[in-house]
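Below you'll find the structure, written out as C-alpha cells, and then a few comments.
The values are calculated or read from the model by the stated rules, or taken from the named source; none is laboratory data. Because the structure is predicted, anything quoted here is derived from the model rather than measured. Cβ: placed from backbone, ideal geometry, glycine included. Neighbour counts: every protein chain shown.
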Amino acid sequence: MKTIAKKEKEKKTISLMIKLYCKGKHRQKELCKDCLALENYAHKRIDLCPFMENKSFCSNCKIHCYEEKMRIKIKEVMRYSGPRMLLYDPLMALDHLISSFRERKKNQ
C-alpha cells in the first residue's frame, strides 16, 4: 500500500475511534474541543511519521512520537472505541485487527 493511502487509512481509523469516544463519553454529536485537539494532534503525528511505509499502526512502532499526555489519552480512546468499532464499521475494525496482528507477528 502506498504511504499516502496508508496515512489516510490510519487517519480515518483514528478519527472514527475519537468520534465514538467523544459521542459515548462526552455525549456530543460533534467532537468537543478536547477531542478535536486530540484528532488534530493524531493526524499531525501520522503526517510526520518517518516509519509509515514499514509499520501498520502507532501501537506497533518501536518509538512513540506522542507526548506523554496525548499517548495516555489516545490509549484511553482506543480502549473505549476498539470494541465498539465492530458495531459502527465492522470491516474497518476487522482490517485493523488483522493488520495489527500481522505486524506484531512480523516483529517477533
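Points worth noting:
- Take the conditions (1) over 20 Å from ALA5 (Cα atoms); (2) crowded, with 16+ Cβ neighbours inside 10 Å; (3) touching a residue at least 60 places away in the same chain (Cβ under 8 Å); (4) not basic (Lys, Arg); CYS35 misses just one of them, which is (3).
- Some residue of region 39-50 being crowded, with 16+ Cβ neighbours inside 10 Å, touching a residue at least 40 places away in the same chain (Cβ under 8 Å), farther than 24 Å from ARG102 by Cβ and out of contact with any Asp or Glu (no Cβ under 6 Å at 6 or more places or on another chain): no
- Any hit, region 1-21, residues being surrounded by fewer than 18 Cβ atoms within 10 Å (Cβ to Cβ), modelled with pLDDT of 95 or more and outside any loop (DSSP other than H, G, I, E, B): yes
- Residues located in region 90-105, provided they are within 14 Å of the chain's Cα centre (by Cα) and in contact (Cβ under 8 Å) with a residue 24 or more places away in the chain: MET92, HIS96, SER99, SER100
- Spans of helices (runs of 4 or more DSSP H) in region 25-108 with at least 2 residues touching a Gly at 6+ places or on another chain (Cβ under 6 Å) and on the phi > 0 side of the Ramachandran plot: none
- Of the residues making up region 69-87, those that are over 15 Å from the mean Cα position of the chain (by Cα) and surrounded by 12 or more Cβ atoms within 10 Å (Cβ to Cβ) number 0.
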